[in-house]
Amino acid sequence: MDEHANREPIIDIDDLTRQFTVYRKSGKRWRRHRDTITAVDRMSFRIERGSAVGYIGANGAGKSTTIKMLTGILVPTTGSVRTCGLEPVRQRKELASRIGVVFGQRSQLWWDLPLHESFSILAAIHRLDPDVADKRTHELVDQLEMGDTLDTPVRQLSLGQRMRAEVAAALLHSPELVILDEPTIGLDVLSKQRLREFLRAERIERGTTLLLTTHDMGDIERLCDRVLVVDYGRLVYDGSLTGLGATVGARRVLVVDLAAPTPDLDDLPCGAQLLSSEAGGMRQRLAFDAEHTTAAALLAAVSDRAQVRDLSIEEPDIEDVVRRIYESTR
Ligand SMILES: Nc1ncnc2c1ncn2[C@@H]1O[C@H](COP(=O)(O)OP(=O)(O)OP(=O)(O)O)[C@@H](O)[C@H]1O
């Protein structure tokens, strides 16, 4: 790969739109109506090589449709998409040798064959040199602790074992970019932890770029340095995990310890609300949203009413933020 290619974003989408035409029957005569659904709506973003990005949003927000266009399964309606510097649909074969894809719900393994045979078949499909394939298989089996399962038919693997096998299968040809759709869904705590550790190491040691969709806050926290939030096909947030709370309107909490018992602090500035009052009102928790007021303004309002001895600020619970994004009514 030349130096220019190395500096190019590994994913570059510009004004990307995908629409679907659906038909529904309605009215007395059950006439067919034609509707257009815009699953991805003029979306633009770039992802740099070596980064790890969480792509999140409610059900139906447009995540899978974006991934399908990135991998060449779906043709965009308008706009452009480049993955690894290639046009995914036109250069799908070449792209397949440069990316790995894991869809939690769909398998790329052969169910009735022992696991090691799936790896051999995939190595042949990718035309890997037998020595290289052997070395890489051993490495993955070792790192993902799959030694005991190599002779087991895939259909007999537990969910955790199968997910590790899926990840190994997607990484066998050492792709530059790995796209994972819900990689830890349904896994127990230990399996999740193992998988995350493996993906982190893969990224650090090989510079592999990771793009993942997930409902699991832990995946984002442990793996991603950037979060993209999609809603109704549009990008509504692009930034760090910590900045996410403020954007989706999650509230921070000012906790004040007061010098004497104090009646409930109501009548607060707009955007602030009393959450709880303890110890006869000596500790009160006040939620506020950054869009309407500031911690300083809130503190000033409290100081007018009581003597403040100590204070702290609780940041939004990111797990709650992610849950709210997924639960938003569509
Ligand atoms: N083949 C299709 N035909 C018609 N509509 C579709 C098709 N694929 C997706 N859609 C619609 O496009 C919108 C986006 O769907 P998409 O599957 O991309 O969302 P998602 O964010 O991946 O959701 P989930 O988390 O549930 O997988 C939805 O309204 C969906 O119903």
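The values are calculated or read from the model by the stated rules, or taken from the named source; none is laboratory data. Since we're looking at a predicted model, the values are computed, not measured. Every residue, glycine as well, gets a Cβ built from its backbone with ideal geometry; the counts of neighbours run over all protein chains shown.
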*asked:* Any residue that is surrounded by fewer than 18 Cβ atoms within 10 Å (Cβ to Cβ), in a loop (DSSP other than H, G, I, E, B) and within 20 Å of the chain's Cα centre (by Cα) - is there at least one of those in the range 83-99?
replied: no
*Working carefully through the options Ser44, Ser64, Ser51, find the one that is under 15 Å from the mean Cα position of the chain (by Cα), more than 15 Å from the ligand (Cβ to nearest atom) and in the same structural domain as Arg206 (by TED's automatic domain parsing).*
Ser51
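To keep it simple, each residue is scored yes or no on (1) within 12 Å of the ligand (Cβ to nearest atom); (2) without any contact (Cβ under 8 Å) to a residue 40 or more places away in the chain.
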residue	(1), (2)
Gln19	yes, no
Tyr23	yes, yes
Gly79	no, no
Ser97	no, no
*Just for the range 25-41: of the residues that are of a type in the set (Ser, Thr, Tyr) and closer than 26 Å to Val230 by Cα, which one is farthest from the ligand (Cβ to nearest atom)?*
Thr36
*Mind checking which pairs have a first residue in the range 29-42 that is closer than 28 Å to Val236 by Cβ and at pLDDT 90 or above and a second that is of a type in the set (Ser, Thr, Tyr) and loosely packed, with under 10 Cβ neighbours inside 10 Å, Cβ under 7 Å, 6 or more apart or different chains?*
Thr36/Thr21
_Being part of a helix (DSSP H, G or I) and either in contact with a helix residue (DSSP H, G or I) (Cβ under 9 Å, 6 or more places away or on another chain) or of a type in the set (S, T, N, Q) (or both) is the filter here; which residues of the range 158-169 pass it?_
Leu159, Gly160, Gln161, Arg162, Met163, Arg164, Ala165, Val167, Ala168, Ala169
*asked:* Being under 15 Å from the mean Cα position of the chain (by Cα) and surrounded by fewer than 17 Cβ atoms within 10 Å (Cβ to Cβ): is that true of Arg196 here?
replied: no
*Test: residue in the range 142-161 that is surrounded by fewer than 14 Cβ atoms within 10 Å (Cβ to Cβ), under 28 Å from the mean Cα position of the chain (by Cα) and not charged (D, E, K, R)*: yes
*In the range 123-148, what residues are within 17 Å of Gln161 (Cβ to Cβ) and either part of a helix (DSSP H, G or I) or touching a Ser or Thr at 6+ places or on another chain (Cβ under 8 Å) (or both)?*
Thr137, Leu140, Val141, Asp142, Gln143, Gly147, Asp148
